[in-house]
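Shown next, in structure tokens, is the structure this report addresses.
The values are calculated or read from the model by the stated rules, or taken from the named source; none is laboratory data. All figures in this text were calculated on a predicted structure; none of them were measured in a lab. Backbone-built Cβ (ideal geometry, glycine too); neighbour counts: all protein chains shown.
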Amino acid sequence: MSIECSVALRVVIQAKKDGEMAELVRGLENQMLDQVKPLVRNRSVTLDMRHVERIDAAGIAALITLYCVARQANHEFTVSHATARVQEILTLVGVKHLLTAGYEEESSDGCLSLQLTAA
């Protein structure tokens with residue numbers, strides 16, 4: 001018998017210092033992948049991006065990687081609370097609908113904080 005949690009874990013990306021905005025850009029994407037990939041293998045995850053000011057191709061590729069890893073494990077991976085600029089970029093590259101589909105704020109029962117710091 002196995003017990004599976006059906007609610008998504010909410011992971012918040014934050015900047016190193018309070019009041020600053022985070023970036024999901026080349027050089028920081030591997031740190032995020034190393035921390036979040038094990039989570040999406042074990043349960044559904046909602047990545048709260050309210051503090052992410054900037055994202056580039058490496059950041060988008062990391063989000064797509066997490067989505068694929070989660071789907072292979074029969075879990076969900078969604079992005080929530082993206083800033084207007086990040087939403088615009090996700091829309092431009094055609095992945096916003098994929099990464100935000102089915103997101104519901106009340107679906108998270110726990111919260112982990114992930115800090116991204118420049119190398």
### Query
In the list Leu47, Leu24, which residue meets the criterion of being in contact (Cβ under 8 Å) with a residue 12 or more places away in the chain and in contact with a Gly (Cβ under 6 Å, 6 or more places away or on another chain)?
Leu24
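Yes/no per residue for (1) at positive phi; (2) modelled with pLDDT under 90; (3) not aliphatic (A, V, I, L, M):
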| residue | (1), (2), (3) |
| --- | --- |
| Ala22 | no, yes, no |
| Val52 | no, no, no |
| Ala70 | no, no, no |
| His75 | no, no, yes |
| His81 | yes, no, yes |
| Arg85 | no, no, yes |
| Thr100 | no, yes, yes |
| Ser108 | no, yes, yes |
| Leu116 | no, yes, no |
### Task
Could you please find all residues in region 27-82 being small (Gly, Ala, Ser) and over 13 Å from Ile13 (Cβ atoms)?
Gly27, Ser44, Ala57, Ala58, Ala61, Ala70, Ala73
